[in-house]
1. So how strong a dipole does the chain carry about its Cα centre when Lys and Arg Cβ are +1 and Asp and Glu Cβ are -1, to the nearest 20 debye?
2. With runs of 4+ DSSP H residues as the only contributors, calculate the mean residue ellipticity of the chain at 222 nm using -39,500 (n - 2.57) per run, divided by the residue total and rounded to the nearest 500.
3. As a test, work out the antiparallel percent of DSSP beta bridges whose residues both lie in the chain, rounded to the nearest 5.
4. Would you list, by chain and number, the lysines whose Cα falls below 16 Å from the Cα of Lys203, excluding same-chain residues fewer than 8 positions away?
5. By its C-alpha gyration tensor, with a ≥ b ≥ c as the square roots of the eigenvalues, how is segment 74-221 shaped: rounded for a/c under 1.5, else prolate for a/b larger than b/c, else oblate?
6. Under 18 Å between alpha carbons, and skipping anything fewer than 8 positions from Lys228 in its own chain: which lysines qualify?
7. Out of the trypsin sites (Lys or Arg not before Pro) in segment 253-300, which ones are loop residues according to DSSP with at most 14 other C-beta atoms within 10 Å?
8. Which of the lysines could a cross-linker bridge to Lys316, judged by Cα under 20 Å and excluding same-chain residues fewer than eight apart?
Amino acid sequence: MTKVEEKNAEQSYDVIVVGGGPAGLCAAMYAGRGMLNTLVIERGLPGGEMLNTDLIEDYIGFESIKGPELANLMANHAKKFGAEIIMDTVESIARRDDGDFDVITQLGKTYRAPAVILTAGGTPRKLNVSGEADYAGRGVSYCAVCDGAFFKGAVLAVVGGGDAAVEEADYLTRYAERVFIIHRRDQFRASPLIQKRAFNNPKIEVVWNRVVEEIRGDENGVNQLLLKDTVTGEESTLAVGGVFIFIGFSPNSGLIKGHFEHDAGGYIITDSRMMTSIPGLFAAGDLRVQLVRQITTAVGDATTAAMAVEKYLSEKRDREQEHGKQEKEAVAST
Ligand SMILES: Cc1cc2nc3c(=O)[nH]c(=O)nc-3n(C[C@H](O)[C@H](O)[C@H](O)COP(=O)(O)OP(=O)(O)OC[C@H]3O[C@@H](n4cnc5c(N)ncnc54)[C@H](O)[C@@H]3O)c2cc1C
């Protein structure tokens, strides 16, 4: 190590967990409990998407719990077993020639470990239409729990057709007078139970086969959407006071320096141990290729990843000891 590298390498850990959502906190809990010296680097408060979720009603054992409350319980559980959680944004994860990883952060720190578990989740996908960026925070939102209360009595639009869109439309009717769900197809992808709740909600109206072409407004914020019929091509307008966009997530996998296997959407491909194509780099939760993205799947991945890290590190140690022994024997025989 050069002198500069030595100075910048703040601390070494057995494993570094990047992201403190349910996957990261669960991985940290297991790694800590397995007596691994564990660091979690989280750019905000621990909890990930749970902090944007009002009520969680499908995490087994908890019939109904507030997202931030579950986040707090998970963070405390991880800390109880010795995991250290710091607030910083990871800018890059790079594998060194010696096989260890350098995790470099926005605060200019370099943390080093022989194994990293990446659990950085995803970023909401944008519509990329005119007006979306202009009215962000002034009627354009990606988080119903964060912004819903600002729209008391308003007419709102929700864009999307998956679980998040339909569930959040239902949530928004607590505040809004009416919520239109704009969906580009003639049926939802959302689970039947979530759909049923929305269809039974008199404040919700579904606008099928339409896409948003433009978000319009004035100095007070959003006031109209320009829509296009996906079947006939016909254009129409819809007067709304806000639009909530739930059309998916882009995985935060761009932190990895160097080539790694991923699918067309950038979701990370792992083996059954949750190890990526880079030895020692594991991935768990929403940024991994998988059918379902839930808290249960995130913590399931994380459990496997943390256990696999323990095994990976002990095998690595055995290999290094064997290598050292062979080198000594070779020296002794010369
Ligand atoms: C509105 C909404 C409602 C939902 N409701 C439910 C529900 O009721 N039940 C359920 O099971 N699931 C629900 N989900 C899905 C569930 O929240 C996710 O599947 C789960 O949070 C994924 O966990 P994760 O740890 O993989 O990612 P995340 O929860 O996204 O956590 C990733 C963490 O990584 C951090 N991070 C990202 N980049 C960096 C970086 N560069 N440096 C440091 N930290 C970084 C982020 O700040 C974040 O805290 C909901 C999702 C949404 C959006």
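Quick note: the coordinates plus some simple rules give every number you see, no bench work behind them. Just so it is clear, the structure is predicted and the values come from calculations on it, not from any experiment. Reconstructed Cβ throughout: ideal geometry from the backbone, glycine too, with neighbour counts over all protein chains shown.
1. 300 debye
2. It lands at -9000 deg cm²/dmol.
3. Once the DSSP bridges in the chain are tallied, antiparallel ones form about 45 percent.
4. Answer for Lys203, where 16 Å is the Cα cut-off: Lys152, listed by chain and number.
5. Prolate, since a/c reaches 1.5 and a/b exceeds b/c.
6. Filter leaves Lys126.
7. Answer by residue number: Arg273.
8. Hits, sequence-local ones excluded: Lys325, Lys328.
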